[in-house]
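Worksheet for the structure shown next.
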Amino acid sequence: MEITIHRGINQIGGCITEIATANTRLLIDLGQNLPDGEGNVLDIFANKEAIEKLTEGIDAIFYTHYHGDHLGLFLFVPDNVNQYIGEVAKEVALCKHNRLSHIPGRKEISTLEIDKVEQMHTFKERQIINIGDITITPYFVSHSAYDAYMFVIEANGKRILHTGDFRGHGYLSKGLLPTIKKYILKQGKIDFLITEGTMISRSDERVKSENELKFEVIEIMKQYKNVFVMCSSTDMERLATFYAANKVVGSKPFVCDDFQQSILKIFSDSAGKKTKLFSFKSPYQFKKENIKLVNWMQDKGFCMLVRATDKFNDYTDFLLPLIDMQDTVLIFSMWKEYINPNSKHANKRYLDFVGKFPYVKKIHTSGHASADCLVDVCNLVNPTTAIIPIHSEHSADFMKLPINQELKPKIITSSSSFENVTIEIPN
């Protein structure tokens, strides 16, 4: 068996992992590199020729979740290669690409994207899928994308756990360790653990829970009448934090645009049927001509989900002169480096949008596993052969984690060979 980390060592995003036997080849994720602060993407794989070459002989591609740094190159995949994604994740991806089709000059490529997503196969949690002589089983994890999965891959008598992106501090994280114990380890030992390590470079950073954020947001909403919120449109757990906090505060309308309404409906119709926390029953769609809603917002205040786009620049330019700016706040609920002008990750669109508001509160927690969570997972899984850290700016820092001492020699960040297994990690 061969494990090839095409991309993911010493970089966050752009993940591509291959698992192969003599008869079958699978890819886990086909992610595009993350954009720079100007929105530009440098990616040698972001073209049809490169992906056709990479996927030659590939039997199937499995996506851990719908973020672009894991899914982003799907369009270039030849039609004869089957692509698999979670059921709800597929709905979210379709909703996103339908929205992108409205951007001038993008209709043709969006039509191709939508067609490609519609062709994707779906899977459910703990569904056993056989591709040739490889068996793959998805297990649900909490992440800043809903319907995210880790995979157990079994072939040639070996078991691999590929975690994808996950965390231990979300509303849906309580099942992480029990799932590993009850459903994964009871089936047998894991030989190879391929795990994300996004937060290793920020191991001294205290990671707040989503529930902690909710109480911080409640206090801000009590202090300010008008609350704008800038967060990921597809992070269901973060959206639930703001929705729940707004309900606690009282009679303020929860406002968004039609795209966000569609995403919230997807979440309500899936996760919302399991718990009221994700039932987004009454979001109001903002339209400037809806005088009744505008008057209500002026009178009672509001919680409004916004994005750094031309549409929301227009909306805020309309709204801000109508309200008391001293009673208005923008909550920025994304990674703080995006609005740090001195950071290499600074995003000009975000900086310009945030600059409209005199009061800005940064309320955020990562969608990724904290150092403590990574330690818990590594120690629990206790792989027999190797730990391969990916999705980290400096994967060798995994050695600094206080994991069990016998595991540290098993950390692999360069090509290695074991009995009947070869690990390829290009420099």
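The values are calculated or read from the model by the stated rules, or taken from the named source; none is laboratory data. As the structure is a prediction and not an experimental result, all values here were calculated from the model. We place every Cβ from the backbone using ideal geometry, glycine too, and count neighbours over all the protein chains shown.
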For the stretch 205-245, name all the residues that are charged (D, E, K, R) and in a helix (DSSP H, G or I). E210, E212, K214, E216, E219, K222, E237, R238
Given the criteria crowded, with 21+ Cβ neighbours inside 10 Å and touching a strand residue (DSSP E or B) at 6+ places or on another chain (Cβ under 8 Å), does F278 qualify? no
Residues of the stretch 154-201 satisfying the condition of being among the basic types (K, R), exposed (fewer than 15 other Cβ atoms within 10 Å of the Cβ) and more than 26 Å from T21 (Cα to Cα): K174, K181, K182
What do you reckon, is A396 over 22 Å from the mean Cα position of the chain (by Cα) and of a type in the set (G, A, S)? yes
Answer with yes or no whether D43 is more than 13 Å from P426 (Cβ to Cβ), touching a Cys at 6+ places or on another chain (Cβ under 6 Å) and assigned by TED's automatic domain parsing to the domain that holds F398. no
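Results for (1) in contact (Cβ under 8 Å) with a residue 24 or more places away in the chain; (2) within 20 Å of the chain's Cα centre (by Cα); (3) part of a helix (DSSP H, G or I), shown as yes or no for each residue.
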residue: F312; (1), (2), (3): yes, no, yes
residue: V329; (1), (2), (3): yes, no, no
residue: F332; (1), (2), (3): yes, yes, no
residue: P341; (1), (2), (3): no, no, no
residue: K344; (1), (2), (3): yes, no, no
residue: R349; (1), (2), (3): yes, no, yes
residue: F353; (1), (2), (3): yes, no, yes
Out of curiosity, is S333 surrounded by fewer than 20 Cβ atoms within 10 Å (Cβ to Cβ), in contact with a helix residue (DSSP H, G or I) (Cβ under 9 Å, 6 or more places away or on another chain) and polar (S, T, N, Q)? no
Scanning the stretch 269-308 for residues that are without any contact (Cβ under 8 Å) to a residue 12 or more places away in the chain and either touching a Phe, Trp or Tyr at 6+ places or on another chain (Cβ under 6 Å) or not in a helix (DSSP H, G or I) (or both), the one farthest from V255 (Cα to Cα) turns out to be K274
In the stretch 116-150, anything part of a strand (DSSP E or B), farther than 26 Å from S209 by Cβ and touching a residue at least 24 places away in the same chain (Cβ under 8 Å) is listed as H121, T122, F123, I129, I131, I134, I136
L112 passes all but one of the listed conditions (1) surrounded by 15 or more Cβ atoms within 10 Å (Cβ to Cβ); (2) touching a residue at least 24 places away in the same chain (Cβ under 8 Å); the exception is number (1)
Do we have I190 as assigned to a strand (DSSP E or B) and under 17 Å from T385 (Cα atoms) here? no
Is it fair to say I160 is outside any helix (DSSP H, G or I), in contact with a Lys or Arg (Cβ under 7 Å, 6 or more places away or on another chain) and either farther than 21 Å from I403 by Cβ or in the same structural domain as I85 (by TED's automatic domain parsing) (or both)? no
In this structure, does R99 turn out to be part of a strand (DSSP E or B), of a type in the set (K, R) and either in the same structural domain as N420 (by TED's automatic domain parsing) or touching a helix residue (DSSP H, G or I) at 6+ places or on another chain (Cβ under 9 Å) (or both)? no
Within the stretch 246-268, how many residues are in a helix (DSSP H, G or I) and among the basic types (K, R)? 2
Quick check: is even one residue across the stretch 161-168 among the aromatic types (F, W, Y) and more than 17 Å from S370 (Cα to Cα)? no
